[in-house]
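First up is the structure itself, then whatever we jot down about it.
The values are calculated or read from the model by the stated rules, or taken from the named source; none is laboratory data. As the structure is a prediction and not an experimental result, all values here were calculated from the model. Cβ placement follows ideal geometry from the backbone for every residue including glycine, while neighbour counts extend to all protein chains displayed. Surface areas here come from the heavy atoms of the whole protein model, side chains and all, with no ligands, DNA or RNA. Shrake-Rupley method; radii C 1.70, N 1.55, O 1.52, S 1.80 Å.
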Amino acid sequence: MLLTSPRTTTDPLWQLTADCARDARPDVLDLLVGVYRDDSGTAPVMDAVRTAELRLARRSPSKAYVGPAGNERFLETMSALLFADARLSARAAGVQTVAGTGALRLLAELLAATGPDRTVLLGTPAYVNHPAILAAAGLRTELHRVTPDGSAMLAAVDAARPGDVLLLQGCCHNPTGLSMPPALWDRLAAALARRGVVPFVDQAYFGLGDGLDEDLEGMRRLLRDVPDAVVAVSGSKAWGLYSERTGCAFVLGDDAGRREQARTLLENIARASYSQPPAHGAAIVEEILTDPALTVRWRAELESMRQRLGGLRDGLAALTGFAGLGDQRGMFLTLPLDPAAMRSLRSDHGVYGLPSGRINLAGIPSSRLTGVAAAIRAVA
């Protein structure tokens, strides 16, 4: 029978989200799911996105399939934005995906198909879905600690075999909030090239850390110095396109023939997985990135989001007195609280975060920052 499979458990993130939704207290605060919210608690539609959607609606573009590779113009504009270097873009071949998660899964399947004996080096604490995606693709993992100086990561690379893979986040690490300085990106690039280890970059939070180009610069530096790489990109955060499931997967390499083979394999994996990616979100991004005025408007809105997050982070750091919070970057913040304290934060104060201490900073209205800080201090 179908239900005689091994016992399964609910994803703890979504279990806590369901618990939060059932909590009847009027002042309950959901700091769980990674969605940007404004001070009203709404996940807003960016003005640039709304303008692009209205244009698309007036033109009434076709609803025909876009093909397994997706929107080619979207891929070209995303490549130009991400890599900002014609030489890098010339080394890249990509496909549109079902958001960043779909990009991660397609690239994991590609790596498994082209290197069945690979080991993926994965830093911990990791993004909650990374281990599941790698396991589903049949990839073996080896864990190391995520540290500010990157020492454990560099040691793992130095001990790896040629063809192994390092999965790393491009900026604003989820959940630790760490971002690597340029010198560490350079050291990492040299180590990867020396050992023949392939970087697998998860680029999800660009624009929410130190600025759009600042957040992408480390990845760009690395890609210039390694012979091969794969990059998974999410459009959810930078454009607020969570429900549109917009993303892309890129393979970078010097050999044009191998790049095209990899792209074809990605298309085949996509075809067997979901056949075609959704068109609307990619069309929105294409519309924004091909109109200079609309691009300027989008960048300004993204910068406003980044500044709001920075203000909340600095305020929480000052109000709690916790050292190091102000050094974190991006939408998430890891509090120095153990699972028992996080449970007390939920039960006694109605503030929901993950047992690891990770909270979605964007979920805190400015008017409640002082109260949230007081609750955190009370359970610390």
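If you add up the charges near PRO182, with Lys and Arg at +1 and Asp and Glu at -1, over every other residue whose beta carbon is less than 15 angstrom from its beta carbon, what do you get?
Details: positive: ARG187, ARG220, ARG221, ARG224, ARG329; negative: ASP149, ASP186, ASP210, ASP213, GLU214, ASP215, GLU217, ASP225.
Summing Lys and Arg as +1 and Asp and Glu as -1 gives -3.
Amide H contacts of CYS171: ALA204, TYR205, each under 5 Å away and 5 or more positions distant or on a separate chain (H built 1.01 Å from N in the peptide plane; Pro and chain starts excluded).
Across region 161-175, rounded Karplus estimates of 3J(HN,Hα) from the backbone phi angles (6.51 cos²θ - 1.76 cosθ + 1.60, θ = phi - 60°) give 9, x, x, 5, 10, 10, 8, 9, 8, x, 5, 6, 3, 9, x Hz, Gly and Pro being marked x.
Excluding ligands, DNA and RNA, the accessible surface per residue across the chain is 44 Å² with a 1.4 Å probe. Residue ranking by accessible heavy-atom surface, 1.4 Å probe, largest first, among LEU223, LEU13 comes out as LEU13, LEU223. For region 264-271, the Karplus equation 6.51 cos²θ - 1.76 cosθ + 1.60, evaluated at θ = phi - 60°, returns couplings of 4, 5, 4, 4, 5, 5, 4, 4 Hz by residue, with Gly and Pro reported as x.
Modelled spin labels at ALA183 and HIS280, positioned 7 Å past Cα toward Cβ, are 4.8 nm from each other. Take the Kirkwood radius over Cα pairs of region 39-188, plug it into Stokes-Einstein at 10 °C and 1.306 mPa s, and you get 87 µm²/s for translational diffusion. Per-peptide packing, taken as the mean over residues of other Cβ atoms within 10 Å, places 57-66, 186-195 in the sequence 186-195, 57-66 from highest down. The relative contact order of the chain comes to 25 percent, based on Cα pairs under 8 Å that sit 6 or more residues apart. Using the Cβ-Cβ distance between ARG258 and GLU53 with R0 = 35 Å, the FRET efficiency computed as 1/(1 + (r/R0)^6) comes to roughly 0.40. Label positions at GLN307 and GLU267, each projected 7 Å from the Cα along the C-beta direction, are separated by 4.5 nm.
Dividing the summed helix terms, -39500 (n - 2.57) for each DSSP H run of n ≥ 4, by the number of residues in the chain produces a 222 nm estimate of -15000 deg cm²/dmol to the nearest 500. Here the Karplus curve 6.51 cos²θ - 1.76 cosθ + 1.60, taken at θ = phi - 60°, turns the phi angles of region 245-255 into couplings of 6, 10, x, 7, 10, 10, 10, 10, x, 7, 8 Hz, with x standing for Gly and Pro.
With a cut-off of 8 Å between alpha carbons and a minimum separation of six or more residues, what is the relative contact order of region 269-380 in percent?
RCO, region 269-380: 23 percent.
Take 104-113, 164-173, 273-282, 290-299 and order them by the average number of nearby Cβ atoms within 10 Å per residue, most first; the result is 164-173, 104-113, 273-282, 290-299. The H on the amide N of VAL198, modeled in the peptide plane, is under 5 Å from the matching H of GLY163, ASP164, VAL165, LEU166, each at least 5 residues off or on a different chain.
Stretched out straight at 0.36 nm per residue, the stretch from ASP85 to TRP14 would grow longer than its current Cα-Cα span by 21.6 nm. In terms of the mean number of neighbouring beta-carbon atoms within 10 Å, the peptides 121-129, 85-93 order highest first as 121-129, 85-93. In this label model, ASP338 and THR147 are separated by 2.3 nm, measuring between points 7 Å along each Cα→Cβ vector. Between ASP225 and SER40, residue separation times 0.36 nm minus the direct Cα-Cα distance comes to 62.2 nm.
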